[in-house]
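Here's the structure we're looking at; comments come further down.
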Amino acid sequence: MGPDDEKTRPADDQGPGPPEAGAETPKAVPLLALDSASLLAWFVGVLASRAWVDMGLLADPVTGEAAKRLESARLAIDALEGLSRVLKDRVSLEEARRLEGLLADLRLNFVRQAGSE
């Protein structure tokens, strides 16, 4: 390993650590300051994350534990599906395909998790 490898190594499980001296800290933006497209993109990410957590495939950020809550996961996936229908004709073809891919991944993993109970 060279001296520059330290800069490119992924952070450990403890997170990236404190910001370096002089580094800018990202500023929080109130949600209502976002335009509708940005807000919906953020919300898609939140719902997808919630579905992964509720399928027990990611640790809950509050408890640190993974637990299956399949009804809650199903609700998040269904909500994403509804958003996808609304956004389909309002986003680029690439964004629509990315959203469909996300939904396909979530659905497939939901079926697997439901079948493993």
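Points worth noting:
- Amide H to amide H, with H built 1.01 Å from N, ARG69 comes under 5 Å of MET55, GLY56, counting only residues 5 or more places away or on other chains.
- Additional length obtainable on full extension of the chain from LEU75 to ARG98, 0.36 nm per residue less Cα span: 6.3 nm
- Relative contact order computed over region 30-115 (Cα-Cα under 8 Å; 6+ residues apart), in percent: 27 percent
- With an a/c value of 1.5 or above and a/b not larger than b/c for the gyration tensor axes a ≥ b ≥ c computed over the alpha-carbon atoms, region 30-115 is described as oblate.
- Loop-resident trypsin sites (Lys or Arg not before Pro) (DSSP state other than H, G, I, E or B) in region 17-117 with no more than 11 further Cβ atoms inside 10 Å of their Cβ: LYS27, ARG90.
- In a simple Cβ point-charge model (Lys, Arg +1; Asp, Glu -1; nothing else charged), region 30-115 has a dipole of about 180 debye relative to its Cα centre.
- Computed lengthening from LEU57 to VAL86, 0.36 nm per intervening residue step minus Cα-Cα distance: 7.7 nm
Where a number appears in this text, it was derived from the coordinates with a stated rule and is not lab data. In this text the structure is predicted, and so the values were computed from the model without any measurement. Reconstructed Cβ throughout: ideal geometry from the backbone, glycine too, with neighbour counts over all protein chains shown.
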